[in-house]
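The values are calculated or read from the model by the stated rules, or taken from the named source; none is laboratory data. Keep in mind that this is a model prediction, so the values were computed, not measured. Don't worry about glycine lacking a Cβ; one is built from the backbone with ideal geometry, like all the others, and counts go over all protein chains shown. Side chains included, ligands, DNA and RNA excluded: accessible areas come from the protein's heavy atoms. Shrake-Rupley method; radii C 1.70, N 1.55, O 1.52, S 1.80 Å.
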Amino acid sequence: MKNYFLALGRYPNLSLAELQGQLDVIFYNEENQYLIAENLEFKNPRDLPRPPEQLFLDSLGGTMFMGETLKECESYNDLKDFIQDLVVNEAVSKIGFCTFGVGKNFLPKLIGETKDFSREKDHKLRIENFKSASLSSGQIFERRLTQKGLVLGIAQEGNQFLVSKIIANQNLRNYELRDRKKNFRDAKMGMLPPKLAQILINLSHPDHKDTIIDPFCGSATVNIEAAIAGFKTQGSDINEHFVTKSRENFDQMSEKFRYEKSTGTFETQDVTKIDWKAASGIIATEGWLGENFEQTPSVDQIKANKAAVLNIWRQVFLNLKDSNIRSVAFCLPCWNVKSRKFSISQELISDINAAGFELKKFPNQDTSFIYERETTFVAREILVAQKVA
Ligand SMILES: C[S@@+](CC[C@H](N)C(=O)[O-])C[C@H]1O[C@@H](n2cnc3c(N)ncnc32)[C@H](O)[C@@H]1O
């Protein structure tokens, strides 16, 4: 059975949560942001002509690249010999390394010795690590290194080294297209990164027949990711203009990513007035994060926003009682101002439970995950409410 190496994004616990149910974890290293897994669940709902590993990676927002594990080496010398044999036996002309948990001098030494070796053997070899630094996912993508050469992931645990061959990498151009190249974007509304939209969808564990619903759709980021992943999707928003623009964005991206426009429907609707009885599937949404502050908000401003957002979600969960919605992956705003943290989640738990849902635990055993960027006053607190069976 094959084992796989997955390089996780900058929130490894969130990446791990996204992967739960899609593979069996053999080993997880939070500090060095990677995991080793087996039994990956490859899906291809849209019959796309791409390798299963690449399709798997493309469906994930929190994994940077992945590889097949090749060998566990017992020492540095064992590793060096393995790489040298590989270069010669497989006539490798271009190689690059991504390292995890190694010391500062590891890569310059390995690169120097690999160069010396290929010179001695008269074997032409180009090493792609600029200034002997570990390759990033961006460099692998831009230089098409998995297609044009060999990229090895090397992870050190104690004196041992695990070597993997990188076989799939994030397609950064496609993310850029879905993010910055959308016809309609509104900085004031807030920009949900497509990767986080994918994570929200995966956290709610949809079945392939599920409809992915975003009742705060804004510019349709979640709906576009849902359609690309092969789901039917519904979007609604209280703002009619955003609904029109969501439809346009969804149709624009349908041409680039070849999904049917008919897989998405959009309507103007206040989320607190939705009758969920007729709906089924899962909700994946960024939600409303309150006012978008351009300057540090005052405590009173935060309290007012907190109350407004809380009221909306209380009503949503009240309405979700007795519905066929199985799971709700959503974000609540969380403010970090003047060394005080203002979060809403604790105050919503009783409403979530009263509606027949319970909060899922993240790998660190918390029931929410804070996703924050230094440049904004508001962070997103991610929660997943699952219907109690
Ligand atoms: C943070 S934005 C969502 C952005 C969206 N995730 C995207 O990527 O474009 C929040 C959205 O919630 C909508 N909204 C606020 N209150 C609402 C309500 N009561 N019912 C439905 N939508 C609401 C706003 O119009 C806004 O589009």
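Mind ordering 199-205, 15-21, 58-64, 258-264 by average Cβ neighbours within 10 Å, highest first? Intermediate values should be presented prior to the final figure.
Numbers: 199-205: 25.1, 15-21: 20.4, 58-64: 22.3, 258-264: 16.0.
Answer by packing, highest mean first, reads 199-205, 58-64, 15-21, 258-264.
Whole Å is fine, so just give me how far the alpha carbon centre of segment 64-88 lies from that of segment 202-264.
When both Cα centres are located, 42 Å separates them.
In whole Hz and in residue order, list the ³J(HN,Hα) couplings for segment 7-21 that follow from phi through the Karplus curve 6.51 cos²θ - 1.76 cosθ + 1.60, θ = phi - 60°; x for Gly and Pro.
For segment 7-21, the Karplus curve yields 8, 8, x, 6, 10, x, 5, 6, 4, 5, 4, 4, 7, 4, x Hz.
Using Cα-Cα distances under 8 Å and only pairs 6 or more residues apart, what relative contact order does the chain have, in percent? Let's see the in-between values first.
Working: 749 pairs, mean separation 50.4, N = 389.
Computed value for the chain: 13 percent relative contact order.
Using a Förster distance of 25 Å, how high is the FRET efficiency between LYS321 and HIS208, based on the Cβ-Cβ distance and rounded to 0.05?
Computed FRET efficiency for LYS321 and HIS208: 0.40.
Taking only Cα atoms, what is the 0 to 90° angle, nearest 10, from helix 194-203's long axis to the longest principal axis of the chain?
80 degrees
Within segment 296-368, report the trypsin sites (Lys or Arg not before Pro) that DSSP leaves as loop and that have at most 14 other Cβ atoms within 10 Å.
Answer in residue order: LYS321, LYS338, LYS361.
What accessible surface, in Å², does a 1.4 Å probe find on ILE36, ignoring ligands, DNA and RNA and rounding to the nearest 10?
ILE36 exposes around 20 Å² with every protein chain in place.
Roughly speaking, to the nearest percent, how much of the chain's 1.4 Å accessible area is carbon and sulfur? Intermediate values should be presented prior to the final figure.
Details: 8580 of 18720 Å².
The computed percentage sits at 46.
So how compact is the chain: Cα radius of gyration and Dmax in angstrom?
Here Rg and the maximum Cα pair distance are 23.1, 74 Å.
At R0 = 56 Å, how high is the FRET efficiency between HIS123 and VAL388 if r is their beta carbon distance? Nearest 0.05 is fine. Write down the numbers at each step before the final one.
Working: r = 62 Å, r/R0 = 1.10.
E between HIS123 and VAL388, to the nearest 0.05, is 0.35.
How much solvent-accessible surface does SER280 expose, in Å² to the nearest 10, with a 1.4 Å probe and all protein chains in place?
Looks like 70 Å² after rounding.
Return the whole-Å distance between the Cα centroid of segment 342-361 and the Cα centroid of segment 280-308.
16 Å
Express the accessible area of segment 180-387 per residue in Å², computed with a 1.4 Å probe while the remaining protein chains stay in the model.
47 Å²
Please list the non-local residues whose amide H lies under 5 Å from the amide H of CYS217, H modeled 1.01 Å from N, same-chain partners needing a gap of 5 or more.
Excluding prolines and chain starts, which carry no amide H, the hits are SER236, ASP237.
Okay, helix-only estimate at 222 nm for the chain: each DSSP H run of n ≥ 4 adds -39500 (n - 2.57), divide by all residues, round to 500 deg cm²/dmol; what do you get?
-10000 deg cm²/dmol
Could you work out the Kirkwood radius for segment 271-389, taking every pair of different alpha carbons, averaging 1/r and inverting it, reported in Å?
Radius from the Kirkwood sum: 14.9 Å.
Any idea of the accessible area per residue across segment 4-170, 1.4 Å probe, to the nearest Å²?
I get 48 Å² per residue for this part.
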